[in-house]
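This report refers to the structure that appears directly beneath it.
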């Protein structure tokens, strides 16, 4: 049997107890009185940016859409939604909504609209600074000229700027800020690797990922900490090489993916070392351990995806109970080939809460 580090084994046991409804401490009111949850990131934290037009219509007809997981009509599946509930805060809502699909996709969009009072800035396909994320509006123009779903994919830098612009240029210091981003920088490096639009060598791709990680760390220091944020929970990029998407690639490609993730995470950690306002949570190590020791986390399947065929292929954006694969998928790790199921989000929320507790922030 594989030996499991004591700290990971203890964490897995704690998460499993909480996932099964045990552990009364998880239901206690937080000792710190947060006034808001402000979220920046990508699809792993997006609570409905693109739940408009055809996406919203499909959800209404089939049982839920708009989040990158197995959707329901009520929402609440995402880790930030679960964390907000534990903190006694209102359910997060998307700070911006909209969709601008390319012609020929048969998808109706909606104008990009800021949503007053909503503090979840995370958007599916968002990168650190580059607007050209997977399936984004930016890919519809030169030099890419692709037919895409037209996701807004506002970069993290722009998400932060939008929050500052709406709040007199500062954070209050009484909110909890969460940041989880970087995977789309990895995916785009991979998508254009070996083309005129991307890196020409593995080393260049790794350097680009490292640069993105360092840039994110710099943004957190200069645009959050320096602007008054006092408690910032930053989750590093999970084990992308362990996803069904990566497992379908060659071993060399899997190795490149992991090297890029570790380079991104390493530079992010270097930038944030010694910053007391930041708690850097190692979701990479935890997600890797979940893949290696699923039973310890109550996971029944870490290989296959729960979402079956749907109108948009197999994407979890319009996945719900009406189009999942057969059998019990309630403890699957992956909804589609890169996104977690609601149970995966439950584990992520519990991990985030445990990190807040360790920091004395819960």
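See the values below:
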quantity: Failed item, numbered, when residue 273 is tested on (1) closer than 26 Å to residue 175 by Cα; (2) free of Cβ contacts under 8 Å to residues at least 24 places away in the same chain; (3) buried (at least 22 other Cβ atoms within 10 Å of the Cβ); calculated: (3)
quantity: Residues of region 314-328 satisfying the condition of being within 19 Å of residue 66 (Cβ to Cβ) and either touching a helix residue (DSSP H, G or I) at 6+ places or on another chain (Cβ under 7 Å) or surrounded by fewer than 23 Cβ atoms within 10 Å (Cβ to Cβ) (or both); calculated: 314, 315, 317, 318, 320, 321, 322, 323, 324
quantity: Some residue of region 319-329 being more than 23 Å from residue 60 (Cβ to Cβ) and in contact (Cβ under 8 Å) with a residue 24 or more places away in the chain; calculated: yes
quantity: Region 149-178 residues that are on the phi > 0 side of the Ramachandran plot and in a loop (DSSP other than H, G, I, E, B), paired with ones that are at pLDDT 95 or above and buried (at least 24 other Cβ atoms within 10 Å of the Cβ) (beta carbon under 6 Å, 6 or more apart); calculated: 150/137; 153/123; 153/125; 153/126; 153/133; 153/136
quantity: Filtered residues of region 55-91 (kept if surrounded by 17 or more Cβ atoms within 10 Å (Cβ to Cβ) and part of a helix (DSSP H, G or I)); calculated: 55, 56, 58, 59, 62, 79, 80, 81, 82, 83, 84, 86
quantity: Qualifying residues in region 92-148 (those that are at positive phi and touching a residue at least 12 places away in the same chain (Cβ under 8 Å)) - the one surrounded by the most Cβ atoms within 10 Å (Cβ to Cβ); calculated: 125
quantity: In region 216-233, residue nearest to residue 191 (Cα to Cα) [restricted to those that are out of contact with any helix residue (DSSP H, G or I) (no Cβ under 8 Å at 6 or more places or on another chain) and in a helix (DSSP H, G or I)]; calculated: 222
quantity: Residues satisfying the stated conditions in region 234-262, i.e. buried (at least 19 other Cβ atoms within 10 Å of the Cβ), closer than 25 Å to residue 341 by Cα and touching a helix residue (DSSP H, G or I) at 6+ places or on another chain (Cβ under 6 Å); calculated: 235, 236, 237, 238, 239, 240, 241, 242, 246, 257, 260, 261
quantity: The lone exception for residue 179 - which of (1) more than 29 Å from residue 88 (Cβ to Cβ); (2) within 17 Å of the chain's Cα centre (by Cα); (3) surrounded by 23 or more Cβ atoms within 10 Å (Cβ to Cβ) it fails; calculated: (1)
quantity: Breaking point among (1) more than 14 Å from the chain's Cα centre (by Cα); (2) over 12 Å from residue 339 (Cα atoms); (3) in contact (Cβ under 8 Å) with a residue 40 or more places away in the chain, for residue 40; calculated: (1)
quantity: Selected residue (only one of 336, 289 is modelled with pLDDT of 95 or more, under 19 Å from residue 243 (Cβ atoms), part of a loop (DSSP other than H, G, I, E, B) and within 20 Å of the chain's Cα centre (by Cα)); calculated: 336
quantity: Within region 292-306, tally of residues that are surrounded by fewer than 19 Cβ atoms within 10 Å (Cβ to Cβ), touching a strand residue (DSSP E or B) at 6+ places or on another chain (Cβ under 6 Å) and either in contact (Cβ under 8 Å) with a residue 60 or more places away in the chain or assigned to a helix (DSSP H, G or I) (or both); calculated: 1
quantity: Qualifying position, being in contact (Cβ under 8 Å) with a residue 24 or more places away in the chain, crowded, with 17+ Cβ neighbours inside 10 Å and touching a helix residue (DSSP H, G or I) at 6+ places or on another chain (Cβ under 6 Å), among 356, 347; calculated: 347
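The values are calculated or read from the model by the stated rules, or taken from the named source; none is laboratory data. Nothing here was measured: the structure is a model prediction, and the numbers come from that model. With ideal geometry, Cβ positions are generated from the backbone for all residues, glycine too; neighbour counts draw on all protein chains shown.
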